[in-house]
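Below is one structure, written out as structure tokens, with a few remarks after it.
The values are calculated or read from the model by the stated rules, or taken from the named source; none is laboratory data. Worth saying up front: this structure is predicted, and the values here are computed from it rather than measured. Please note: Cβ atoms are built from the backbone with ideal geometry, for glycine as well, and neighbour counts cover all protein chains shown.
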Amino acid sequence: MRSIRPSQAELNVESYTRANWLCQNGRGELAGGAWMWIGARYLANKSMERAVVNGVELAYDLRGSGAPLVMIHGLQGDQTMFAGIAPAFLGKFRVLTFDQRGSGLSQKPDHGYTMALIADDTAALMEHLGMASAHVLGVSMGGMVAQELALRHPSKVRSLILGCTTPGGPKAVESDGSAFAAAYSTAEISAEQRGTAFAAAVYSKEYLARHPEAVTAAIEARRNRPLDPLALAHRTSALAGHDTYDRLPNITCPALVITGKDDVLIPWENSRILAERIPHAVLEVLEPAGHCFWLEKPQDSCEAILRFLESLP
């Protein structure tokens, strides 16, 4: 294990502290993209840990005290996606966030990726950190990884929180694909183009109408952490092979399935399917909220997740 200190944008400590306070106390509303911008600047200057597990070097952050809680980010994101909600859990949980294979500050090996491979990476990182088991929260593609983690390494998962995700395969409810094509293009496009398309895809129209600055923040986030087109292509290819529908009844741990009613990337009906297929799962639908529901509604999201976790024996 070693520490690194990436040379990126200067940290705005006051903004980060204020954002944490807002989330923890449920007061005020900060544009969702600003969470990513603040988080990127914070993590850019924080001494980040790295570990080599399952043949790849992963950057991670471990904070808080209590039962382990692992947060798994989505396709285009990295661990800064959780900058807005992670602080709400630090008083009761030891929170692990990390950049997956092919994302953020982690290595980006040039080979095919699968959900199973990234789930194995996650299990190996947990093992490296001495986590025999943990509560696991995964959003979007991270929710697909979390499903595989629960299926491949059931003893590692105490409970499962699946956000804005899908079982995949022919039984999944598909979007029309236009938002995904624009936001997740593997072409080399500018931060302005990618950030603008991303904001349009992941936030509800109502939210963007109230927070046009979320687009600017998303662009700034992409400038701070530009995507590697080749790594993004490998990660995108993992989506094509994702299909847990028939295996979902094998997930035996308690599960919360949570999403935004206005999600145009992964329609909310997929969450209903997950909740119906996973024994003892409960469904929470937030509205109005788009794909990144926890950025649009951090207080409601934190409350729903904490309520679920605190209900567990």
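Quick one: what pairs do we get from region 273-300, first residue more than 18 Å from Ala209 (Cα to Cα), second assigned to a helix (DSSP H, G or I) and among the β-branched types (Val, Ile, Thr), C-beta under 9 Å, 6+ apart or different chains?
Glu284/Ile305
Can you tell me which residue among Ala197, Ala150, Ala179 is assigned to a helix (DSSP H, G or I), farther than 21 Å from Tyr113 by Cβ and at pLDDT 90 or above?
Ala197
Only one residue in Thr259, Thr244 is buried (at least 21 other Cβ atoms within 10 Å of the Cβ), in contact with a Cys (Cβ under 9 Å, 6 or more places away or on another chain) and among the β-branched types (Val, Ile, Thr). Which one?
Result of the check over Thr259, Thr244: Thr259.
When both residues are 6+ apart or on different chains and their Cβ atoms are under 7 Å apart, which pairs have a first residue that lies in region 205-217 and is at pLDDT below 95, and a second that is hydroxyl-bearing (Ser, Thr, Tyr) and part of a helix (DSSP H, G or I)?
Val215/Thr196
Out of (1) in contact with a strand residue (DSSP E or B) (Cβ under 9 Å, 6 or more places away or on another chain); (2) over 26 Å from Glu287 (Cα atoms); (3) surrounded by 19 or more Cβ atoms within 10 Å (Cβ to Cβ), the odd one out for Gln147 is which?
Unmet for Gln147, out of (1) in contact with a strand residue (DSSP E or B) (Cβ under 9 Å, 6 or more places away or on another chain); (2) over 26 Å from Glu287 (Cα atoms); (3) surrounded by 19 or more Cβ atoms within 10 Å (Cβ to Cβ): (2).
Quick grid of which residues meet (1) in contact with a helix residue (DSSP H, G or I) (Cβ under 9 Å, 6 or more places away or on another chain); (2) under 21 Å from Leu137 (Cα atoms); (3) modelled with pLDDT of 55 or more:
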site: Asn12; (1), (2), (3): yes, no, no
site: Thr17; (1), (2), (3): no, no, no
site: Gly28; (1), (2), (3): yes, no, no
site: Ala40; (1), (2), (3): yes, yes, no
site: Leu43; (1), (2), (3): yes, yes, no
site: Asp78; (1), (2), (3): yes, yes, yes
site: Met81; (1), (2), (3): yes, yes, yes
site: Lys92; (1), (2), (3): yes, yes, yes
site: Val95; (1), (2), (3): yes, yes, yes
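Looking only at region 299-312, how many residues end up being surrounded by fewer than 24 Cβ atoms within 10 Å (Cβ to Cβ) and under 20 Å from Met81 (Cβ atoms)?
Of the residues in region 299-312, 9 are surrounded by fewer than 24 Cβ atoms within 10 Å (Cβ to Cβ) and under 20 Å from Met81 (Cβ atoms).
Applying the selection to region 182-194, what residues are assigned to a loop (DSSP other than H, G, I, E, B) and in contact with a helix residue (DSSP H, G or I) (Cβ under 6 Å, 6 or more places away or on another chain)?
Scanning region 182-194 gives Thr186, Glu188.
Could you list all residues from region 62-81 that are surrounded by 22 or more Cβ atoms within 10 Å (Cβ to Cβ) and in a strand (DSSP E or B)?
Across region 62-81, the qualifying residues are Leu69, Val70, Met71, Ile72.
May I ask you to list the residues in region 114-147 that are in a helix (DSSP H, G or I) and of a type in the set (Ser, Thr, Tyr)?
Thr122
Mind checking which residues of region 150-173 are under 17 Å from Ala238 (Cβ atoms) and surrounded by fewer than 24 Cβ atoms within 10 Å (Cβ to Cβ)?
Leu151, Arg152, Gly168, Gly169, Ala172
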